[in-house]
Amino acid sequence: MTDLLPLIAAKYNYWIYTILMMIGLYAMIAKNNLVKKIIGMNIFQTAIILFYVSIAYKKGATLPIIMGDGHGGGHGAIQAADYINPLPHCLMLTAIVVSVATLGVALALAIKIYRQYGTLEEDDINHQIRMQAGQ
Amino acid sequence: MRLLALIAVVLTGGLIIFHTGDLPDFGDPNSPASTHLSPYYLEHGEGDTHAPNIVSAVLADYRGFDTMFETTVVFAAGLACFFLLRRKTEPGDKPRMYRHLPTGVTLRIKSGGTFPEEDSTEFRRMDSHFVPHQIIIKNTCRLVIPFIQVFALYVVAHGHYSPGGGFQGGVLLAAAIILYAISHDLRRSIHRFSEKVAALSGSLGVFIYAGAGALCLLLGANFLNYEALGPLLGVDAVMARSHGILIIEIGVALAVMAVIVWIYYNLSSAGKHDEGL
Amino acid sequence: MTQHFPALLIIVPLLSALAVSAMGWIDRRWCFPLAVASLGGALAVSVSLLVQVMAAGPIVYQMAGWSPPIGITYVIDYLNAPVLVVVLAAAFLNLIGAKVRIEAEFEEKLGAYLALYILFLSGMVGIVATGDAFNLYVLLEIASLTGYALIGLGKERAPLSSLNYLFMGTIGASFYLLGIGYIYIATGTLNMADISNMMPQLMGSGTLFLALIICMTGLFVKMALFPMHGWLPNAYSNAPSASAGLIAPLTTKVMVYAMVRVGLTIFTPEFTFSRAILSETIVWLAVGAIVAGSLLALMQRRLSRMLTYVIVAEVGYMVGGFWLGNKTGITGATLHIINDAAMTLTLFMAVSTITWKLGSDKFEDLKGLFGKMPFTMIGFVLAALAVIGIPPTCGFFSKWYLITGGIEAGQWGFVVALLFSSLVNAVLFFRIFEIAFFEPFAEGHGHHGHGPAMSEAPASMVAPLIIAALSLIVLGLYTGDIVTKLIQLAIPAGIA
Amino acid sequence: MELLYSAKPLAAILVSFFVVPIIFSARSENVREAWTFVAALLKFAIVASMLPFILKGGQIAYTVAEVLPGLAISFKVDAFGMLFALVSSSLWIVTSMYSIGYMRTLKEHGQTRYYACFALSLSATLGVAFAGNLLTLYLFYEMLSFATYPLVSHHQDREARSSGRKYLTYILGASIALVLPAMLIIYSQTGTFEFAPQGFMNGAFSQSTMTVLLLMFVFGFAKAGVMPFHSWLPAAMVAPTPVSALLHAVAVVKVGVFCVARVITGVFGTKMLASMGLGTIVCYIASFTIIVSSIIALSQDGLKRRLAFSTIGQLSYIILGIALLSPSGMTGGMLHIAMHAFGKITLFFCAGAIYAASGIKNISQMVGIGRRMPFTMTAFLLGSLSVIGLPPLGGFISKWNLVIGTLESGQIFFLFVLLASSLLNAAYFLPICYKAFFCTDEEAMFERKVNEVPTWCLVPLCITATCSVIFFFYPQPFLQLAKMTVATIIGAPMP
């Protein structure tokens, strides 16, 4: 136990993102209301974004904007260790945009569904569908 | 179902947590992630692209191809919302409320009745959830919106040097228009910035991006290799890359603004575009 | 210009998609010709790429002119060149075949629909062509988003099925993204070739093993492998048939291709098949998929729904074949990607033609179809024979490789499952033939009736269908060349 | 032995294939039937044109396409294939003639489809006969199953449909579930499919595996009607008589036995089987089928059903002969393909003629019918004598060879099987003839007044009947072809 705690402390970012992700996943599977499912989906994606961003972090480093003379100067002066890793950030910009787009489409579908069945509770909808099938 | 979900979730989580052991510590500067590729970007980024903000450099140049599809995703989302939701509403399919401005009388015209035309000075269409005096909200927004837009332009243009860029700027621009729509009403903002314009400028924005890339291709370089634009812009290769970044950032901003507004129109009015938030 | 063809593969559809959506607002008459032209162009490009690859070996294209680990590269090699051709050809044929329906069903949204159609396709093409692990994710999302929209405007239950598809799809894609993240932690790069270069010294890495599992889980969800198949039947059977004809042949196959790519190129085969327990489990999953898919297909009373379950079974074929881990099995799986795309395309185009004429695809409404629409049914019969696996149609030969691979690997469960599903497929389709062939005479024609009057669908629908059907036989007869000249070369030497 | 590369085999196969679209497009039935004739004659001509070369001991080979690496769709005409091709292509001519009479008399529906499928199935049959390797064989075997399915369920009523279903279930099920895996296992071990005079197994498998594989083939080619995979054959008798005649006395069932024979000789190799003693197993299965089917046949009242069960028995003669693995046995078996074909097709023609003329299907109602249709019933007598195997009819020669074969292989048990079954054959055929001719006037159902079937029906059955007589005195070229085949098999060294 004594050696487990520092292990967790050293890698708490993974714990946090995992827990967040699982919360989102649980919501997506277990929730009955479609909008809640959509929210769960967002939490899920956000968790992964956090995961990537946490990869990029370096102790004692700052954000990757080169403090040069602004004209391509400062070559050699640049120490990679002074700046955090830019790649995950730009990947996550993409991921964020993707998740926003997905959210938009999901909401559009949800609206369409509401228009059709007058509810967003999944089992009500299934019940209605069974009624239609029955007739 | 819930129990099943719980078990599945716990198992997955457990599997992932279980493996954290041999992952690098949080913020470890010597992890492969921060030693293999990123040093190159950090050390040569500015030299290659003349953009001190390395994230912008990577986003718009090194991995510009990703970003092009990022923009396309936004555009596709806009198309999808339109495609799924939009319904052409012919007039007179449901009763409407009008307000006679001189007298302040409110009249309700039943379906099938004759409505006054949209841009009459005498009658003003009212939403069903009508708030009589929004004067404060309206005027504050009228005051704020221009500043938002100017700031957005700054964010777009300054993406090289500070956090920001096409996406952020585009979202801000969209926010301005959406704010207008909220503070006044949807019809008015559609009147200012119509659906057609939104759709067209959305595709135009993406076209600026992809077109710039294709232009490089026509000039004999690889796709999206802005160095080819140098002769056109009359600058050297590095500067050309910097300008290229600016061009595509503008395209992105345009696309994002237009599409997000478009999505807002469709979502807020459930595709009817007659009234919404 | 030829050295830029890998880029054109993407640019042509992308730009034309923009143009089409713009034209939708300006002058709708231009949308369809534009779409056809762009797909035709892309198809031509892909064919010439295939020729180049066969002549001069793999092609690497550096986007934005940055060399591989730094920038994004496109790689056209023996594995994906044929897949590209098949994907584009399928989309092209389906577009032409569905012209009538599309213009009838989405008149004022024509521009949007076609733009989504092309964007979906460019996403698929990108997935197949890209050499960058993260770029694959972005393109995956493009294809998925447009796919949700294409499905969502379908018949009564479409929006709900599409939303469920969206949830599952997002989970799948996010898992893939997560797996890429773990790969990035372990290697620090996203370029496929670069990763595989590092693999040898990372053989024992648990992180990468987790990454492998997560990536595969994500892809399995996307390709609807058996326990995660729930979303597929509803989504495909409720979709507008023009979209179904596009999505059903492409999505699952391209996902399987992605699996092959991840397994062989990113994680080298040495690593992928290093843990026997993993391969075993997945092969048994595949067996489950085959059996369950076939049995569920037996229960259906609607043609399109039955076909969706057949697809579920087919996914099992390919996944199982790949995870057998031997050369024959992987050859079979790769070959089946191509063949199954062609088969599914033919089947769904036939269904679309039938529903267009009959307005339904319930079994009891199919009576006398051979008399009514002989040409459509010829295409349908050919596709059915291919699915059952009757020589000389292509289905027989890929199944041949799969079964042989199963025998070599000693996976008798897999072998039996394949034979079982062939038998079930025979039952499935001959049940339909019987109805479509014999029923009309039950309608009081007595023994001397000559069947109902022939009322065939418009030629623009039937001709592409017939072409697709004939391609099944052509593919079958050229199996030898496809295998020796392409697939065998695509499989790395590491595999016995 | 010289090998000639020529597209003739392919041409022979494709002739009837190309005629299908013409048949479909033909408007009047005369045109349709004319084309059928043209195709039939052409086919026969091509086959016959290859005969002399084969008789000179040559072989004709042709490769269409290499579908899998080292595995092609290829044809190879040898004596055995030639024998079978000759029988089926010549009988197609006769049968088309007969079908015209039959179908017109009964005003059957869907004749276009009927003739088209007929032509298709003939293509498939020749494909099997000329197949150069196991894959090609399997390909055309399956093609035949599909081509004949519409013929079997031609009437399209419930009975026809259910028996059609039964037909497919047996044929297709057996071939996919047994033959295909057996092929795959063999291929994964030996890596080749090319038929060789002494097979290509050369000890790739243990004896137990060999046994399993052999049985998979024998039962898997369900068209051979080996019990317990026989019951599709009686069911398929709902088909119009010409179909039963050609397909269930000649093409389909003979394709079944032909495949079995090919596999035994060309894949496993007689010497290999002999050394492992596997032939005997097959012999026992065959003899069981022979006896049981003959006994069942006794109890059948429907004429066609009785013929069907007799067919099942006769097929097993052929398998028995091949599986005896002795020279005369194999000769007899192969010869029986031809002899039984001519005899049995005569019988079917007669059954059809009786039905067409008087609408009678059951034997019990045929009392005295010989007085009314003397030619038909005479032909029937000849046919049945040939099938029983009495001189002076072709059947005798094949059966004689079979008997010699049992003695050669020294397995006397099978000799008794053959004799017993011959007695049974006599027991279920002769009463019919007796009833037809020699019944007393009061029990006769038909008055002495000749009204035969139309000439279109009568001529063919007379032809076939006379043929089976002729073959007794002049059994060439079939006998020579069979002998040549056996010679090559015996002569070839064990791989």
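Here are the numbers:
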quantity: Candidates C:TYR176, C:TYR148, C:TYR117, C:TYR137, filtered to the one that is without any contact (Cβ under 8 Å) to a residue 24 or more places away in the chain and crowded, with 23+ Cβ neighbours inside 10 Å; calculated: C:TYR148
quantity: Meets criteria (within 14 Å of chain B (Cβ to nearest Cβ) and touching a residue at least 24 places away in the same chain (Cβ under 8 Å)) for C:VAL53; calculated: no
quantity: Looking only at the stretch D:340-394, and only at residues there that are among the β-branched types (Val, Ile, Thr) and surrounded by fewer than 24 Cβ atoms within 10 Å (Cβ to Cβ), the one that is nearest to the chain's Cα centre (by Cα); calculated: D:ILE388
quantity: Among residues of the stretch B:189-205, those that are crowded, with 17+ Cβ neighbours inside 10 Å and at pLDDT 90 or above, counted; calculated: 8
quantity: Scan of the stretch D:126-139 for residues that are at the interface with chain C (Cβ under 10 Å from one of its Cβ atoms) and out of contact with any Ser or Thr (no Cβ under 8 Å at 6 or more places or on another chain), ordered by number; calculated: D:LEU135, D:LEU139
quantity: Criterion (more than 15 Å from C:PRO249 (Cα to Cα), assigned to a helix (DSSP H, G or I) and without any contact (Cβ under 8 Å) to a residue 24 or more places away in the chain) met by exactly one of C:ALA81, C:ALA104; calculated: C:ALA104
quantity: Subset of the stretch A:1-45 (residues that are surrounded by fewer than 18 Cβ atoms within 10 Å (Cβ to Cβ) and either of a type in the set (Phe, Trp, Tyr) or in contact (Cβ under 8 Å) with a residue 40 or more places away in the chain (or both)); calculated: A:TYR12, A:TRP15, A:ASN32, A:ASN33, A:VAL35
quantity: Residue among B:LEU224, B:LEU186, B:LEU219, B:LEU254 that is modelled with pLDDT under 85 and in the same structural domain as B:VAL155 (by TED's automatic domain parsing); calculated: B:LEU186
quantity: Subset of the stretch B:1-19 that is surrounded by 16 or more Cβ atoms within 10 Å (Cβ to Cβ) and of a type in the set (Gly, Ala, Ser) - its residue that is farthest from C:TYR176 (Cα to Cα); calculated: B:ALA5
quantity: Helices (runs of 4 or more DSSP H) contained in the stretch B:160-277 and holding at least 3 residues more than 21 Å from B:GLU46 (Cβ to Cβ), out of contact with any Lys or Arg (no Cβ under 6 Å at 6 or more places or on another chain) and not hydroxyl-bearing (Ser, Thr, Tyr); calculated: B:166-183, B:186-192, B:195-218, B:237-268
quantity: Subset of the stretch D:131-167 (residues that are under 14 Å from D:GLY256 (Cα atoms) and in a helix (DSSP H, G or I)); calculated: D:LEU134, D:LEU137, D:TYR138, D:LEU139, D:PHE140, D:TYR141, D:GLU142, D:MET143, D:LEU144, D:SER145, D:THR148, D:TYR167
quantity: Of all residues making up the stretch C:113-134, the number that are in contact with a Ser or Thr (Cβ under 6 Å, 6 or more places away or on another chain), assigned to a helix (DSSP H, G or I) and of a type in the set (Gly, Ala, Ser); calculated: 1
quantity: Residues being more than 9 Å from chain B (Cβ to nearest Cβ) and touching a helix residue (DSSP H, G or I) at 6+ places or on another chain (Cβ under 6 Å) - total across the stretch A:6-16; calculated: 0
quantity: Per-region count, the stretch D:147-183, residues free of Cβ contacts under 8 Å to residues at least 24 places away in the same chain and among the hydrophobic types (A, V, I, L, M, F, W, C); calculated: 2
quantity: Residue tally, condition in contact with a Leu (Cβ under 8 Å, 6 or more places away or on another chain) and either within 14 Å of chain C (Cβ to nearest Cβ) or not hydrophobic (A, V, I, L, M, F, W, C) (or both), over the stretch B:227-241; calculated: 4
quantity: Subset of the stretch D:23-50 (residues that are surrounded by fewer than 17 Cβ atoms within 10 Å (Cβ to Cβ), in a helix (DSSP H, G or I) and not hydroxyl-bearing (Ser, Thr, Tyr)); calculated: D:PHE24, D:GLU29, D:ASN30, D:VAL31, D:ALA34, D:PHE37, D:VAL38, D:LEU41, D:ALA45, D:ALA48
quantity: Within the stretch B:1-99, helices (runs of 4 or more DSSP H) holding 1 or more residues that are more than 30 Å from C:GLY152 (Cβ to Cβ) and either touching an Asp or Glu at 6+ places or on another chain (Cβ under 8 Å) or without any contact (Cβ under 8 Å) to a residue 60 or more places away in the chain (or both); calculated: B:2-18, B:32-35, B:38-49, B:54-57
quantity: Complete set of residues in the stretch B:182-226 that are more than 9 Å from chain C (Cβ to nearest Cβ) and of a type in the set (A, V, I, L, M, F, W, C); calculated: B:ILE182, B:LEU186, B:ILE190, B:PHE193, B:VAL197, B:ALA198, B:ILE208, B:ALA212, B:LEU215, B:LEU218, B:LEU219
quantity: Residue in the stretch D:168-191 that is under 19 Å from the mean Cα position of the chain (by Cα), facing chain C (nearest Cβ under 9 Å), farther than 29 Å from D:ALA487 by Cβ and not charged (D, E, K, R) present; calculated: yes
quantity: Candidates B:PHE130, B:PHE123 - the one that is more than 30 Å from B:LEU246 (Cα to Cα), modelled with pLDDT under 85 and touching a strand residue (DSSP E or B) at 6+ places or on another chain (Cβ under 6 Å); calculated: B:PHE123
quantity: C:GLY41 being more than 13 Å from chain B (Cβ to nearest Cβ), of a type outside the set (A, V, I, L, M), in contact with a helix residue (DSSP H, G or I) (Cβ under 6 Å, 6 or more places away or on another chain) and surrounded by fewer than 23 Cβ atoms within 10 Å (Cβ to Cβ); calculated: yes
quantity: All helices (runs of 4 or more DSSP H) inside the stretch D:177-287 with 2 or more residues being under 30 Å from D:HIS109 (Cβ atoms) and hydroxyl-bearing (Ser, Thr, Tyr); calculated: D:241-246
quantity: Identity of the residue in the stretch A:97-116, at the interface with another protein chain (Cβ under 8 Å from one of its Cβ atoms) and more than 12 Å from C:LEU163 (Cβ to Cβ), that ends up farthest from the chain's Cα centre (by Cα); calculated: A:ARG115
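Matching residues to (1) farther than 30 Å from B:VAL235 by Cα; (2) away from chain C (no Cβ under 11 Å); (3) buried (at least 22 other Cβ atoms within 10 Å of the Cβ); (4) not aliphatic (A, V, I, L, M):
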residue	(1), (2), (3), (4)
B:GLY21	yes, no, no, yes
B:TYR40	no, no, no, yes
B:PRO52	no, yes, yes, yes
B:PHE65	no, no, yes, yes
B:ARG86	yes, no, no, yes
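So that you can scan it fast, the table gives a plain yes or no per residue for (1) at the interface with chain B (Cβ under 10 Å from one of its Cβ atoms); (2) more than 22 Å from C:SER174 (Cβ to Cβ):
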position	(1), (2)
A:LEU34	no, no
A:GLN79	yes, yes
A:PRO86	yes, yes
A:LEU93	yes, no
A:ALA133	no, yes
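The values are calculated or read from the model by the stated rules, or taken from the named source; none is laboratory data. Note that the structure is predicted; figures quoted are calculated from it, not measured. In this analysis, Cβ positions are derived from the backbone assuming ideal geometry, glycine residues included, and neighbour counts consider all displayed protein chains.
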